[in-house]
Amino acid sequence: MLELQSESRPWTGKKFFAGEKKSEQELKDEEMDLFTKYYSEWKGGGKNANEFYKTIPRFYYRLPAEDEVLLQKLREESRAVFLQRKSRELLDNEELQNLWFLLDKHQTPPMIGEEAMINYENFLKVGEKAGPKCKQFFTAKVFAKLLHTDSYGRISIMQFFNYVMRKVWLHQTRIGLSLYDVAGQGYLRESDLENYILELIPTLPQLDGLEKSFYSFYVCTAVRKFFFFLDPLRTGKIKIQDILACSFLDDLLELRDEELSKESQETNWFSAPSALRVYGQYLNLDKDHNGMLSKEELSRYGTATMTNVFLDRVFQECLTYDGEMDYKTYLDFVLALENRKEPAALQYIFKLLDIENKGYLNVFSLNYFFRDEIFDMVKPKDPLKISLQDLINSNQGDTVTTILIDLNGFWTYENREALVANDTENSVDLDDT
(Lines give C-alpha, C1' and ligand atoms only; values in the text may rest on other atoms or scores of the structure.)
Protein backbone atom coordinates (compact mmCIF):
# COMPACT_ATOMS: atom_id res chain seq x y z
CA MET A 1 0.00 0.00 0.00
CA LEU A 2 2.80 2.40 0.89
CA GLU A 3 4.56 1.43 -2.31
CA LEU A 4 1.44 2.28 -4.33
CA GLN A 5 1.16 5.68 -2.68
CA SER A 6 4.81 6.30 -3.36
CA GLU A 7 4.38 5.47 -7.07
CA SER A 8 1.33 7.64 -7.42
CA ARG A 9 2.85 10.76 -5.88
CA PRO A 10 3.84 12.36 -9.23
CA TRP A 11 0.14 12.63 -10.19
CA THR A 12 -0.45 14.94 -7.22
CA GLY A 13 2.66 17.01 -7.80
CA LYS A 14 2.52 20.78 -8.21
CA LYS A 15 3.27 20.58 -11.96
CA PHE A 16 0.06 18.67 -12.67
CA PHE A 17 -2.42 20.65 -10.58
CA ALA A 18 -5.54 21.48 -12.64
CA GLY A 19 -5.55 24.98 -14.02
CA GLU A 20 -1.78 25.45 -14.10
CA LYS A 21 -0.50 26.37 -17.62
CA LYS A 22 2.61 24.98 -19.29
CA SER A 23 5.38 27.39 -20.07
CA GLU A 24 5.91 28.58 -23.63
CA GLN A 25 9.12 26.58 -23.92
CA GLU A 26 7.38 23.40 -22.75
CA LEU A 27 4.64 23.87 -25.37
CA LYS A 28 7.25 24.37 -28.10
CA ASP A 29 9.14 21.25 -26.99
CA GLU A 30 5.94 19.20 -26.99
CA GLU A 31 5.00 20.50 -30.43
CA MET A 32 8.44 19.62 -31.79
CA ASP A 33 8.25 16.11 -30.30
CA LEU A 34 4.89 15.51 -31.98
CA PHE A 35 6.12 16.93 -35.28
CA THR A 36 9.23 14.72 -35.19
CA LYS A 37 7.13 11.66 -34.38
CA TYR A 38 4.59 12.14 -37.17
CA TYR A 39 7.18 13.27 -39.71
CA SER A 40 9.26 10.17 -39.02
CA GLU A 41 6.21 7.95 -39.52
CA TRP A 42 5.33 9.76 -42.74
CA LYS A 43 8.87 9.31 -44.07
CA GLY A 44 8.72 5.62 -43.30
CA GLY A 45 10.24 5.50 -39.85
CA GLY A 46 7.09 4.11 -38.23
CA LYS A 47 6.06 0.49 -38.29
CA ASN A 48 3.93 -0.51 -41.32
CA ALA A 49 4.14 3.10 -42.54
CA ASN A 50 3.92 2.07 -46.18
CA GLU A 51 1.00 -0.34 -45.89
CA PHE A 52 -1.58 2.19 -47.07
CA TYR A 53 0.52 3.30 -50.02
CA LYS A 54 0.56 -0.21 -51.43
CA THR A 55 -3.15 0.09 -52.27
CA ILE A 56 -2.83 3.38 -54.22
CA PRO A 57 -2.47 2.71 -57.97
CA ARG A 58 0.11 4.53 -60.02
CA PHE A 59 -1.55 7.48 -61.75
CA TYR A 60 1.33 9.29 -63.45
CA TYR A 61 3.47 7.94 -66.24
CA ARG A 62 6.24 10.07 -67.64
CA LEU A 63 6.11 10.67 -71.39
CA PRO A 64 9.12 9.22 -73.26
CA ALA A 65 11.83 11.71 -74.19
CA GLU A 66 12.66 12.35 -77.86
CA ASP A 67 15.77 10.17 -77.68
CA GLU A 68 13.86 7.23 -76.10
CA VAL A 69 12.85 5.78 -79.45
CA LEU A 70 11.92 2.33 -78.14
CA LEU A 71 9.65 3.75 -75.42
CA GLN A 72 7.99 6.07 -77.94
CA LYS A 73 7.35 3.17 -80.29
CA LEU A 74 5.94 1.09 -77.42
CA ARG A 75 3.62 3.94 -76.46
CA GLU A 76 2.39 4.35 -80.05
CA GLU A 77 1.75 0.63 -80.46
CA SER A 78 -0.06 0.32 -77.13
CA ARG A 79 -2.29 3.29 -78.00
CA ALA A 80 -3.05 1.78 -81.40
CA VAL A 81 -4.04 -1.54 -79.78
CA PHE A 82 -6.19 0.31 -77.23
CA LEU A 83 -8.00 2.27 -79.96
CA GLN A 84 -8.55 -0.90 -82.00
CA ARG A 85 -10.11 -2.56 -78.97
CA LYS A 86 -12.37 0.46 -78.44
CA SER A 87 -13.34 0.34 -82.11
CA ARG A 88 -14.38 -3.33 -81.81
CA GLU A 89 -16.68 -2.38 -78.93
CA LEU A 90 -18.77 -0.17 -81.24
CA LEU A 91 -21.85 -1.34 -83.11
CA ASP A 92 -21.19 -2.28 -86.74
CA ASN A 93 -23.72 -1.94 -89.57
CA GLU A 94 -25.11 -5.45 -89.12
CA GLU A 95 -25.65 -4.89 -85.40
CA LEU A 96 -27.35 -1.55 -86.06
CA GLN A 97 -29.70 -3.21 -88.56
CA ASN A 98 -30.52 -5.90 -85.99
CA LEU A 99 -31.23 -3.19 -83.40
CA TRP A 100 -33.63 -1.44 -85.77
CA PHE A 101 -35.40 -4.75 -86.46
CA LEU A 102 -35.86 -5.40 -82.72
CA LEU A 103 -37.15 -1.86 -82.07
CA ASP A 104 -39.62 -2.12 -84.94
CA LYS A 105 -40.80 -5.53 -83.71
CA HIS A 106 -41.46 -4.23 -80.17
CA GLN A 107 -43.15 -0.93 -81.04
CA THR A 108 -46.03 0.08 -78.77
CA PRO A 109 -49.29 1.16 -80.49
CA PRO A 110 -50.92 3.49 -81.31
CA MET A 111 -48.60 5.26 -83.76
CA ILE A 112 -48.45 9.05 -83.87
CA GLY A 113 -49.01 9.73 -87.56
CA GLU A 114 -46.28 7.61 -89.14
CA GLU A 115 -44.08 7.76 -86.03
CA ALA A 116 -43.55 4.38 -84.30
CA MET A 117 -43.34 4.56 -80.49
CA ILE A 118 -42.09 2.27 -77.73
CA ASN A 119 -42.85 2.18 -74.00
CA TYR A 120 -40.37 1.55 -71.21
CA GLU A 121 -41.31 -2.10 -70.72
CA ASN A 122 -40.68 -2.98 -74.38
CA PHE A 123 -37.63 -0.71 -74.34
CA LEU A 124 -36.06 -2.93 -71.65
CA LYS A 125 -37.01 -6.10 -73.56
CA VAL A 126 -35.18 -4.86 -76.64
CA GLY A 127 -32.19 -4.01 -74.44
CA GLU A 128 -32.02 -7.61 -73.20
CA LYS A 129 -32.15 -9.04 -76.73
CA ALA A 130 -29.87 -6.52 -78.46
CA GLY A 131 -26.66 -7.81 -76.89
CA PRO A 132 -23.96 -6.47 -74.55
CA LYS A 133 -22.75 -3.74 -76.92
CA CYS A 134 -26.17 -2.04 -76.73
CA LYS A 135 -26.48 -2.21 -72.95
CA GLN A 136 -25.21 1.36 -72.45
CA PHE A 137 -28.10 2.77 -74.51
CA PHE A 138 -30.94 1.00 -72.71
CA THR A 139 -30.99 2.90 -69.44
CA ALA A 140 -33.69 4.82 -67.61
CA LYS A 141 -31.63 7.99 -68.08
CA VAL A 142 -31.62 7.68 -71.88
CA PHE A 143 -35.35 6.87 -71.97
CA ALA A 144 -36.15 9.90 -69.77
CA LYS A 145 -33.98 12.15 -71.94
CA LEU A 146 -36.02 11.22 -75.04
CA LEU A 147 -39.39 11.26 -73.28
CA HIS A 148 -41.39 14.35 -74.21
CA THR A 149 -45.16 14.84 -74.14
CA ASP A 150 -46.51 11.46 -75.16
CA SER A 151 -49.65 10.74 -73.10
CA TYR A 152 -48.78 7.01 -72.99
CA GLY A 153 -45.27 7.61 -71.64
CA ARG A 154 -43.51 6.39 -74.79
CA ILE A 155 -40.56 7.58 -76.84
CA SER A 156 -40.09 7.75 -80.60
CA ILE A 157 -38.26 4.74 -82.03
CA MET A 158 -36.71 6.89 -84.74
CA GLN A 159 -35.43 9.46 -82.24
CA PHE A 160 -33.90 6.73 -80.11
CA PHE A 161 -32.26 5.05 -83.10
CA ASN A 162 -30.86 8.40 -84.28
CA TYR A 163 -29.52 8.94 -80.76
CA VAL A 164 -27.70 5.59 -80.91
CA MET A 165 -26.37 6.35 -84.40
CA ARG A 166 -25.08 9.74 -83.25
CA LYS A 167 -23.31 8.21 -80.24
CA VAL A 168 -21.70 5.52 -82.38
CA TRP A 169 -20.59 8.14 -84.91
CA LEU A 170 -19.08 10.33 -82.18
CA HIS A 171 -17.10 7.42 -80.75
CA GLN A 172 -15.92 6.34 -84.22
CA THR A 173 -14.83 9.89 -85.02
CA ARG A 174 -13.09 10.28 -81.67
CA ILE A 175 -11.14 7.08 -82.29
CA GLY A 176 -10.31 8.26 -85.82
CA LEU A 177 -9.04 11.62 -84.56
CA SER A 178 -7.13 9.98 -81.70
CA LEU A 179 -5.08 8.00 -84.21
CA TYR A 180 -3.60 11.33 -85.33
CA ASP A 181 -2.93 12.48 -81.76
CA VAL A 182 0.83 11.93 -81.88
CA ALA A 183 1.37 13.22 -78.35
CA GLY A 184 -1.44 11.06 -76.97
CA GLN A 185 -2.64 13.92 -74.77
CA GLY A 186 -6.17 14.37 -76.16
CA TYR A 187 -5.47 17.25 -78.53
CA LEU A 188 -4.38 17.76 -82.14
CA ARG A 189 -1.68 20.08 -83.35
CA GLU A 190 -2.02 21.88 -86.67
CA SER A 191 0.10 19.27 -88.47
CA ASP A 192 -1.98 16.44 -86.93
CA LEU A 193 -5.26 17.92 -88.19
CA GLU A 194 -3.70 18.58 -91.60
CA ASN A 195 -2.80 14.88 -91.90
CA TYR A 196 -6.32 13.87 -90.82
CA ILE A 197 -8.04 16.07 -93.43
CA LEU A 198 -5.55 15.18 -96.17
CA GLU A 199 -6.31 11.46 -95.73
CA LEU A 200 -10.04 12.24 -95.49
CA ILE A 201 -10.23 13.95 -98.91
CA PRO A 202 -10.46 10.70 -100.99
CA THR A 203 -13.48 9.59 -98.89
CA LEU A 204 -15.50 12.76 -99.68
CA PRO A 205 -17.27 12.49 -103.07
CA GLN A 206 -17.91 16.23 -103.20
CA LEU A 207 -14.14 16.80 -103.40
CA ASP A 208 -13.52 14.35 -106.26
CA GLY A 209 -13.04 17.22 -108.70
CA LEU A 210 -10.15 18.79 -106.78
CA GLU A 211 -6.76 18.52 -108.45
CA LYS A 212 -4.04 17.03 -106.29
CA SER A 213 -1.95 20.15 -106.77
CA PHE A 214 -4.64 22.06 -104.87
CA TYR A 215 -4.79 19.62 -101.94
CA SER A 216 -2.28 21.52 -99.79
CA PHE A 217 -4.22 24.80 -100.21
CA TYR A 218 -7.51 23.03 -99.50
CA VAL A 219 -6.13 21.45 -96.32
CA CYS A 220 -4.77 24.80 -95.17
CA THR A 221 -8.16 26.45 -95.82
CA ALA A 222 -10.06 23.74 -93.93
CA VAL A 223 -7.69 23.51 -90.95
CA ARG A 224 -7.65 27.29 -90.51
CA LYS A 225 -11.35 27.37 -89.65
CA PHE A 226 -10.88 24.86 -86.85
CA PHE A 227 -7.96 26.77 -85.35
CA PHE A 228 -9.44 30.24 -85.80
CA PHE A 229 -12.56 29.39 -83.80
CA LEU A 230 -11.35 26.62 -81.45
CA ASP A 231 -7.92 27.97 -80.53
CA PRO A 232 -8.61 31.61 -79.53
CA LEU A 233 -5.43 31.81 -77.42
CA ARG A 234 -3.36 30.59 -80.39
CA THR A 235 -1.72 27.75 -78.49
CA GLY A 236 -1.27 25.73 -81.68
CA LYS A 237 -3.41 22.81 -80.51
CA ILE A 238 -7.10 21.94 -80.16
CA LYS A 239 -8.77 19.48 -77.82
CA ILE A 240 -10.35 16.53 -79.64
CA GLN A 241 -13.35 17.00 -77.37
CA ASP A 242 -13.82 20.56 -78.71
CA ILE A 243 -13.60 19.34 -82.31
CA LEU A 244 -16.36 16.81 -81.63
CA ALA A 245 -18.53 19.36 -79.82
CA CYS A 246 -18.52 21.94 -82.62
CA SER A 247 -20.41 21.69 -85.92
CA PHE A 248 -17.36 22.00 -88.19
CA LEU A 249 -16.77 18.28 -88.44
CA ASP A 250 -20.43 17.78 -89.41
CA ASP A 251 -19.99 20.37 -92.17
CA LEU A 252 -16.83 18.66 -93.39
CA LEU A 253 -18.35 15.16 -93.39
CA GLU A 254 -21.47 16.52 -95.10
CA LEU A 255 -19.35 16.37 -98.25
CA ARG A 256 -19.85 12.60 -98.24
CA ASP A 257 -23.33 13.27 -99.65
CA GLU A 258 -23.08 12.85 -103.42
CA GLU A 259 -26.35 14.74 -103.92
CA LEU A 260 -25.48 17.79 -101.79
CA SER A 261 -27.31 20.82 -103.19
CA LYS A 262 -25.49 23.73 -104.79
CA GLU A 263 -26.84 26.09 -102.13
CA SER A 264 -25.46 23.88 -99.34
CA GLN A 265 -22.06 23.78 -101.02
CA GLU A 266 -21.91 27.56 -101.34
CA THR A 267 -22.59 28.06 -97.62
CA ASN A 268 -20.21 25.28 -96.51
CA TRP A 269 -16.69 26.60 -95.88
CA PHE A 270 -15.23 23.12 -96.54
CA SER A 271 -16.83 22.58 -99.96
CA ALA A 272 -14.73 22.68 -103.13
CA PRO A 273 -16.52 25.78 -104.54
CA SER A 274 -16.00 27.66 -101.25
CA ALA A 275 -12.30 26.76 -100.98
CA LEU A 276 -11.71 27.67 -104.63
CA ARG A 277 -13.56 30.97 -104.13
CA VAL A 278 -11.41 31.98 -101.15
CA TYR A 279 -8.15 30.94 -102.82
CA GLY A 280 -9.21 32.58 -106.09
CA GLN A 281 -9.83 35.86 -104.29
CA TYR A 282 -6.37 35.65 -102.75
CA LEU A 283 -4.76 35.13 -106.17
CA ASN A 284 -6.74 38.02 -107.67
CA LEU A 285 -5.58 40.35 -104.91
CA ASP A 286 -1.95 39.30 -105.40
CA LYS A 287 -1.20 41.64 -108.31
CA ASP A 288 2.58 41.20 -108.24
CA HIS A 289 2.22 37.37 -108.07
CA ASN A 290 4.74 36.94 -105.27
CA GLY A 291 2.38 34.74 -103.23
CA MET A 292 1.90 37.43 -100.55
CA LEU A 293 -0.41 40.41 -100.04
CA SER A 294 0.75 43.93 -99.31
CA LYS A 295 -1.44 46.52 -97.60
CA GLU A 296 -2.26 48.08 -100.95
CA GLU A 297 -3.26 44.71 -102.41
CA LEU A 298 -5.43 43.83 -99.41
CA SER A 299 -7.17 47.23 -99.65
CA ARG A 300 -9.02 45.90 -102.73
CA TYR A 301 -10.63 43.10 -100.67
CA GLY A 302 -14.42 42.83 -101.04
CA THR A 303 -15.86 46.18 -102.12
CA ALA A 304 -12.48 47.92 -101.62
CA THR A 305 -13.91 50.16 -98.90
CA MET A 306 -11.75 49.17 -95.93
CA THR A 307 -10.51 52.23 -94.07
CA ASN A 308 -6.78 52.97 -94.12
CA VAL A 309 -6.73 53.11 -90.33
CA PHE A 310 -8.15 49.59 -90.11
CA LEU A 311 -5.75 48.22 -92.72
CA ASP A 312 -2.82 49.79 -90.86
CA ARG A 313 -3.94 47.99 -87.71
CA VAL A 314 -4.25 44.67 -89.57
CA PHE A 315 -0.62 44.82 -90.67
CA GLN A 316 0.50 46.03 -87.23
CA GLU A 317 -1.17 43.22 -85.26
CA CYS A 318 -1.24 40.24 -87.62
CA LEU A 319 1.68 38.00 -88.54
CA THR A 320 3.39 39.32 -91.66
CA TYR A 321 6.61 38.64 -93.55
CA ASP A 322 8.54 41.78 -94.52
CA GLY A 323 5.29 43.72 -94.25
CA GLU A 324 3.26 41.31 -96.40
CA MET A 325 0.55 38.79 -95.50
CA ASP A 326 0.65 35.09 -96.38
CA TYR A 327 -2.34 32.86 -97.23
CA LYS A 328 -2.78 31.54 -93.68
CA THR A 329 -2.97 35.04 -92.19
CA TYR A 330 -5.34 36.03 -95.00
CA LEU A 331 -7.64 33.13 -94.05
CA ASP A 332 -7.90 34.45 -90.47
CA PHE A 333 -8.77 37.87 -91.91
CA VAL A 334 -11.51 36.41 -94.14
CA LEU A 335 -12.96 34.21 -91.37
CA ALA A 336 -13.18 37.23 -89.05
CA LEU A 337 -14.91 39.45 -91.60
CA GLU A 338 -17.32 36.75 -92.83
CA ASN A 339 -18.39 35.72 -89.31
CA ARG A 340 -18.68 39.03 -87.45
CA LYS A 341 -21.43 37.77 -85.13
CA GLU A 342 -19.16 35.06 -83.70
CA PRO A 343 -17.18 35.82 -80.49
CA ALA A 344 -13.90 34.61 -82.04
CA ALA A 345 -14.34 36.99 -85.00
CA LEU A 346 -15.26 39.88 -82.71
CA GLN A 347 -12.17 39.11 -80.61
CA TYR A 348 -10.02 39.32 -83.74
CA ILE A 349 -11.52 42.66 -84.85
CA PHE A 350 -11.65 44.04 -81.30
CA LYS A 351 -7.89 43.56 -80.97
CA LEU A 352 -7.40 45.64 -84.11
CA LEU A 353 -9.74 48.39 -82.92
CA ASP A 354 -8.13 48.54 -79.46
CA ILE A 355 -5.41 50.93 -80.63
CA GLU A 356 -3.99 51.55 -77.16
CA ASN A 357 -4.11 47.86 -76.22
CA LYS A 358 -6.11 48.58 -73.05
CA GLY A 359 -8.68 45.81 -73.37
CA TYR A 360 -11.52 48.23 -74.11
CA LEU A 361 -12.57 50.84 -76.65
CA ASN A 362 -12.67 54.37 -75.31
CA VAL A 363 -13.58 57.70 -76.88
CA PHE A 364 -10.03 58.07 -78.22
CA SER A 365 -10.22 54.70 -80.03
CA LEU A 366 -13.49 55.68 -81.70
CA ASN A 367 -12.60 59.33 -82.27
CA TYR A 368 -11.77 58.68 -85.91
CA PHE A 369 -15.49 58.44 -86.64
CA PHE A 370 -16.66 61.28 -84.34
CA ARG A 371 -19.84 59.39 -83.42
CA ASP A 372 -21.53 58.83 -80.06
CA GLU A 373 -23.92 56.38 -81.73
CA ILE A 374 -21.49 53.52 -81.18
CA PHE A 375 -21.88 53.84 -77.41
CA ASP A 376 -25.66 54.21 -77.77
CA MET A 377 -25.83 50.99 -79.78
CA VAL A 378 -23.63 48.93 -77.44
CA LYS A 379 -24.81 50.41 -74.10
CA PRO A 380 -21.64 49.36 -72.23
CA LYS A 381 -21.46 48.99 -68.45
CA ASP A 382 -18.94 51.83 -68.31
CA PRO A 383 -20.20 54.85 -70.32
CA LEU A 384 -16.63 55.80 -71.31
CA LYS A 385 -15.37 52.50 -72.71
CA ILE A 386 -16.52 49.37 -74.53
CA SER A 387 -15.17 45.95 -73.58
CA LEU A 388 -15.21 42.85 -75.77
CA GLN A 389 -17.91 41.37 -73.53
CA ASP A 390 -20.02 44.53 -73.95
CA LEU A 391 -19.72 44.14 -77.72
CA ILE A 392 -20.81 40.48 -77.60
CA ASN A 393 -23.67 41.12 -75.15
CA SER A 394 -25.08 43.97 -77.26
CA ASN A 395 -25.89 41.66 -80.21
CA GLN A 396 -24.76 44.61 -82.36
CA GLY A 397 -21.15 43.49 -82.73
CA ASP A 398 -21.37 42.84 -86.47
CA THR A 399 -22.97 46.24 -87.14
CA VAL A 400 -20.51 48.13 -84.93
CA THR A 401 -17.42 46.50 -86.40
CA THR A 402 -18.72 47.03 -89.94
CA ILE A 403 -19.17 50.75 -89.23
CA LEU A 404 -15.65 51.01 -87.81
CA ILE A 405 -13.71 49.12 -90.46
CA ASP A 406 -15.65 49.54 -93.70
CA LEU A 407 -16.41 52.92 -95.31
CA ASN A 408 -19.28 51.36 -97.24
CA GLY A 409 -20.67 49.88 -94.02
CA PHE A 410 -20.37 53.27 -92.34
CA TRP A 411 -22.14 55.00 -95.25
CA THR A 412 -24.90 52.35 -95.28
CA TYR A 413 -25.52 52.82 -91.57
CA GLU A 414 -25.52 56.61 -91.84
CA ASN A 415 -28.02 56.52 -94.72
CA ARG A 416 -30.12 53.61 -93.50
CA GLU A 417 -33.33 55.65 -93.19
CA ALA A 418 -33.01 57.07 -96.70
CA LEU A 419 -32.31 53.59 -98.09
CA VAL A 420 -35.43 52.18 -96.39
CA ALA A 421 -37.51 55.05 -97.77
CA ASN A 422 -36.16 54.43 -101.30
CA ASP A 423 -36.93 50.72 -101.04
CA THR A 424 -40.47 51.56 -99.93
CA GLU A 425 -40.98 53.99 -102.83
CA ASN A 426 -39.64 51.46 -105.32
CA SER A 427 -41.98 48.77 -104.04
CA VAL A 428 -44.95 51.18 -104.31
CA ASP A 429 -43.98 52.07 -107.89
CA LEU A 430 -43.83 48.39 -108.78
CA ASP A 431 -47.26 47.83 -107.25
CA ASP A 432 -48.67 50.74 -109.30
CA THR A 433 -47.32 49.33 -112.51
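The values are calculated or read from the model by the stated rules, or taken from the named source; none is laboratory data. Given the structure is predicted, the values throughout are model-derived calculations rather than measurements. For neighbour counting, all protein chains shown are included, and Cβ atoms are generated from backbone atoms with ideal geometry for every residue, glycine included. Heads up: the accessible areas ignore ligands, DNA and RNA and are worked out on the full protein's heavy atoms, side chains in. Shrake-Rupley method; radii C 1.70, N 1.55, O 1.52, S 1.80 Å.
Side notes on the structure shown:
- Annotation: amide H-H contacts under 5 Å for Y187 (H modelled 1.01 Å from N, sequence separation of 5 or more, or interchain): I240.
- Overall size of segment 150-207 from C-alpha positions, given as principal axis extents largest first: 53, 32, 13 Å.
- Given charges at beta-carbon only (K, R positive; D, E negative), |dipole| of segment 104-187 in Debye: 280 debye
- Computed from Cα positions, the angle between helix 327-338 and the longest principal axis of the chain comes to roughly 80 degrees.
- Of the accessible area of the chain, computed with a 1.4 Å probe over protein heavy atoms only, carbon and sulfur atoms account for 54 percent.
- Evaluated on segment 82-131, the Kirkwood hydrodynamic radius is 12.3 Å, with distances taken between all distinct Cα atoms.
- Segment 319-368: C-alpha gyration tensor shape, a/c 1.5 cut-off, then a/b vs b/c: oblate
- Rounded to 10°, Cα long-axis angle of helix 215-230 versus longest principal axis of the chain: 60 degrees
- Accessible area, probe 1.4 Å, largest first, for residues E66, E356: E66, E356
- Accessible area per residue (1.4 Å probe, heavy atoms of protein chains only) ranks T235, T305 as T235, T305, with the largest value leading.
- Inter-label distance, E77 to N357: 5.0 nm, where each label sits 7 Å from its Cα along the C-beta direction.
- Between E121 and Q159, the FRET efficiency from the beta-carbon distance, with R0 = 30 Å, is close to 0.95.
- For segment 260-382: rounded, prolate or oblate by the Cα gyration tensor [a/c cutoff 1.5]: oblate
- Out of every Cα-Cα pair that segment 187-319 contains, those further apart than 24 angstrom amount to 39 percent.
- Cross-link check: pairs K237/K262; K295/K351; K145/K341; K86/K239; K225/K351; K105/K167 evaluated at a Cα-Cα cut-off of 27 Å; pairs beyond the cut-off: K237/K262; K145/K341.
- Helix 308-317 and the long axis of the chain differ in direction by around 30°, with both axes built from C-alpha atoms.
- Expressed in units of 2.2 N^0.38 Å, where N is the residue count, the Cα radius of gyration of segment 263-308 is 1.32.
- A helix-only calculation puts the chain at -17000 deg cm²/dmol for mean residue ellipticity at 222 nm, using -39500 (n - 2.57) for each DSSP H run of at least four residues, averaged over all residues.
- Segment 316-336 and segment 179-230 have Cα centres spaced 20 Å apart.
- Converting phi to 3J(HN,Hα) with the Karplus coefficients 6.51, -1.76 and 1.60 and the offset θ = phi - 60°, segment 105-110 yields 5, 9, 5, 10, x, x Hz in sequence order, with x at every glycine or proline.
- The Rg/Rh ratio of the chain, with Rg taken over Cα atoms and Rh as the Kirkwood radius over Cα pairs, comes to 1.17.
- Rg followed by Dmax, in Å, when segment 103-215 is reduced to its Cα trace: 20.2, 59
- Spin-label zone in segment 309-340 - amide nitrogen under 15 Å from a point set 7 Å from the Cα of N290 along the C-beta vector: 320-327
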